[in-house]
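What follows is a single structure, written as structure tokens, with notes after it.
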Ligand code: SF4
Ligand code: SF4
Ligand code: SF4
């Protein structure tokens with residue numbers, strides 16, 4: 001069981017976490033916008049997450065927390 | 001649940017002003033994590049540059065002094081000599097700052113074997129001032145001051161600072177890394193640990209050159225920028241340890 005928490009308000013929608021995720025389970029939200037106007041990142045299949053933290057390590061704004 | 005990854009205490013909660021997907025944020029985090037893990041948060045003095053990282057003092061939860069353009073190694077020299085061997089003194093400088101206006105300072109700091117550590121961000125362009133050609137700009141790379149691409153006849157070839165500084169006797173640890181992949185991000189952190197270690201162990205001058213991205217001035221998305229770093233920068237700027245004593 002892994003848990004990825006993204007601080008959506010601080011996400012800049014850069015997509016680097018999407019690029020880094022080895023399980024290809026991240027995307028930029030197609031429906032949400034934060035108050036800065038960015039589409040925040042989200043995990044599409046939380047049950048497939050392996051808690052590798054690749055997303056968190058590449059995030060320039062350090063907005064991702066990973067737990068297992 | 002056990003925490004696998006969370007933000008280090010050595011970064012403040014201030015939102016970084018960097019453009020979306022800019023490599024600066026990644027390197028800030030790595031530097032801060034190493035400081036926290038070494039237990040040196042209270043003994044660290046950083047020196048911020050002129051350039052995009054000019055506000056670095058807002059983001060690191062340690063004491064930071066701002067320096068005039070390119071003069072960070074000189075300011076760091078003073079701080080280290082006053083604070084002594086138990087302190088950790090680092091500069092954080094971009095390529096416009098370190099490899100252009102600050103070339104004399106960086107070469108002479110290494111030459112003196114100054115026991116400071118330098119985090120050098122090479123993104124092959126001037127960021128803050130609007131995307132002008134830097135000494136590190138690749139041949140053929142288009143910038144606002146090389147609109148037809150950098151011409152070797154006119155501007156020379158891009159400068160390789162790690163190779164240059166590794167020839168200097170006072171250098172104790174010099175490595176070039178990159179932020180293009182999880183593996184290279186982890187290697188960058190190890191390099192920063194080695195560089196800070198060289199300082200703490202009083203071996204001499206240390207520098208980590210990190211190949212990074214400037215999506216805004218490269219005119220690419222953050223993801224395309226990481227790909228361009230791999231395709232264009234890695235062949236010209238080989239990664240690796242250039243000096244270790
Ligand atoms: S922790 Fe790993 S698997 Fe899970 S979302 Fe992040 S990158 Fe993907
Ligand atoms: S890397 Fe960070 S800032 Fe960029 S999209 Fe992912 S969570 Fe948002
Ligand atoms: S201008 Fe370039 S280097 Fe500066 S913050 Fe923006 S992306 Fe980063």
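Bear in mind these aren't lab numbers, they're just calculated from the coordinates by the rules spelled out. This is a predicted model, so every value here is computed, not measured. As a convention, Cβ positions derive from the backbone with ideal geometry for all residues, glycine included, and neighbour counts pool all protein chains shown.
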So what does the Cα-only Debye profile of the range A:3-67 read at q = 0.22, 0.28 Å⁻¹, as log10 I(q)/I(0), no solvent term? -0.82, -1.33
With just the Cα atoms of the range B:5-82, tell me how far they stretch along each of the three principal axes, in Å, largest first. 36, 29, 16
Listing A:19, A:68 from the residue with the fewest other Cβ atoms within 10 Å to the one with the most, what is the order? A:68, A:19
Over the protein assembly as shown, what per residue volume does the convex hull of the Cα atoms give, in whole Å³? 124
Sequence of B:86, A:61, B:63 once ranked by neighbouring C-beta atoms within 10 Å, starting from the fewest: B:86, B:63, A:61
Quarter of the Cα convex hull surface for chain B, i.e. its orientation-mean projected area (nm²): 12.7
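Based on alpha-carbon atoms only, what is the radius of gyration of the range B:106-245 relative to the globular estimate 2.2 N^0.38 Å?
1.08
Is the shape of the range B:13-134 rounded, prolate or oblate, going by the alpha carbon gyration tensor and its root eigenvalues a ≥ b ≥ c, with a/c under 1.5 for rounded and a/b larger than b/c for prolate? Don't jump to the answer; show the numbers that get you there.
Details: a/c = 2.08, a/b = 1.15, b/c = 1.81.
Because a/c hits 1.5 or more and a/b fails to exceed b/c, the range B:13-134 counts as oblate.
Once Rh for the range B:94-166 is found with the Kirkwood sum over Cα pairs, what is the Stokes-Einstein diffusion coefficient at 25 °C and 0.890 mPa s, in µm²/s?
Here the translational diffusion coefficient equals 191 µm²/s.
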Counting other beta carbons within 10 Å of each residue's own, what order do B:200, B:118 fall into, fewest first? B:200, B:118
Beta bridges by DSSP in the protein assembly as shown, antiparallel share as percent, to the nearest 5: 35
